[in-house]
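What follows is a short report on a single structure.
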């Protein structure tokens, strides 16, 4: 049983297109996150939802829009893709709290041509 | 603001040798600290975490880390490296003021294990 799953695993697309990445967790957590890992492997938080409410919204272009239809799902839609959006996007989930362990999905490798 | 610095972007050790990966943090309040490992083409997996209990924390796969407040450090060690330990290692600090579980990651350290 996969705890945190993401689809698709790979995404190759042209500049200007719109794409979505989906994430699901079956751990019963109330908080989900999106991280971006760049080509130098640096990881940065983008968004977080707790019980379907947005609680973290870092400095991310408006072209990125997260949506959480329920506690177990968090999707990321990206409009007008740019070359600089090429990265690995990780979804994670946890219980809300400072010392809580975040469980990561396998990542979605996005390549914008 | 909280921050994390990992000294050494690449560390190379021989199989059986001691592994030492360095992490220093900056935090205005007692921190929660984490070490995660990322194997090639995979997501991150928790190795261990410090949440203000024992300062010496034992994790999975024989790793441990010691929280030293005076040195603002949380270095990761393993007595004897295995080939399977080759991976990317990330130190992270939780961001207490927001209480959102936000993690701030270091730059990562690539561990190479030579036969």
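Residue-by-condition table, conditions (1) more than 9 Å from chain A (Cβ to nearest Cβ); (2) touching a residue at least 24 places away in the same chain (Cβ under 8 Å):
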{"position": "B:40", "(1), (2)": "yes, yes"}
{"position": "B:49", "(1), (2)": "no, no"}
{"position": "B:75", "(1), (2)": "yes, yes"}
{"position": "B:108", "(1), (2)": "no, yes"}
{"position": "B:114", "(1), (2)": "yes, yes"}
Notebook entry, point to check: From the set of residues in region A:66-82 that are surrounded by fewer than 16 Cβ atoms within 10 Å (Cβ to Cβ) and modelled with pLDDT under 95, which is farthest from residue A:13 (Cα to Cα)?
Noted result: A:70
Next item on the list: Those residues that are within 14 Å of chain A (Cβ to nearest Cβ) and touching a strand residue (DSSP E or B) at 6+ places or on another chain (Cβ under 7 Å), I need them from region B:51-65; list them, please.
Entry: B:57, B:59, B:60
Margin query: Would you confirm whether or not region A:48-61 contains a residue that is in a loop (DSSP other than H, G, I, E, B) and modelled with pLDDT of 95 or more?
Written below: no
Check: Among the residues of region B:46-62, how many are surrounded by fewer than 15 Cβ atoms within 10 Å (Cβ to Cβ) and in a strand (DSSP E or B)?
Finding: 2
Check: Considering only region A:62-98, how many residues are within 14 Å of another protein chain (Cβ to nearest Cβ), more than 18 Å from residue A:109 (Cα to Cα) and in a strand (DSSP E or B)?
Finding: 2
Checklist line | Counted residues, region B:77-106 - those being away from chain A (no Cβ under 14 Å), assigned to a strand (DSSP E or B) and surrounded by 19 or more Cβ atoms within 10 Å (Cβ to Cβ) | finding: 1
Margin query: I'd like the full set of residues that are over 23 Å from residue B:105 (Cβ atoms), without any contact (Cβ under 8 Å) to a residue 40 or more places away in the chain and within 11 Å of the chain's Cα centre (by Cα), limited to region A:45-84.
Written below: A:65, A:67
Next item on the list: Return a yes/no flag: does region A:4-15 have any residue that is without any contact (Cβ under 8 Å) to a residue 60 or more places away in the chain and surrounded by fewer than 16 Cβ atoms within 10 Å (Cβ to Cβ).
Entry: no
Check: Quick check, is residue A:30 over 14 Å from the mean Cα position of the chain (by Cα) and either surrounded by 18 or more Cβ atoms within 10 Å (Cβ to Cβ) or within 15 Å of residue A:101 (Cα to Cα) (or both)?
Finding: yes
Check: Is there a residue in region B:79-95 that is at pLDDT below 95 and farther than 23 Å from residue A:89 by Cα?
Finding: no
Check: Is it the case that some residue within region B:35-45 is out of contact with any strand residue (DSSP E or B) (no Cβ under 9 Å at 6 or more places or on another chain) and in a loop (DSSP other than H, G, I, E, B)?
Finding: no
Item checked: Residue check, residue B:3 surrounded by fewer than 18 Cβ atoms within 10 Å (Cβ to Cβ), more than 29 Å from residue A:97 (Cα to Cα), in contact (Cβ under 8 Å) with a residue 60 or more places away in the chain and within 14 Å of the chain's Cα centre (by Cα) -> no
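The values are calculated or read from the model by the stated rules, or taken from the named source; none is laboratory data. Given the structure is predicted, the values throughout are model-derived calculations rather than measurements. Reconstructed Cβ throughout: ideal geometry from the backbone, glycine too, with neighbour counts over all protein chains shown.
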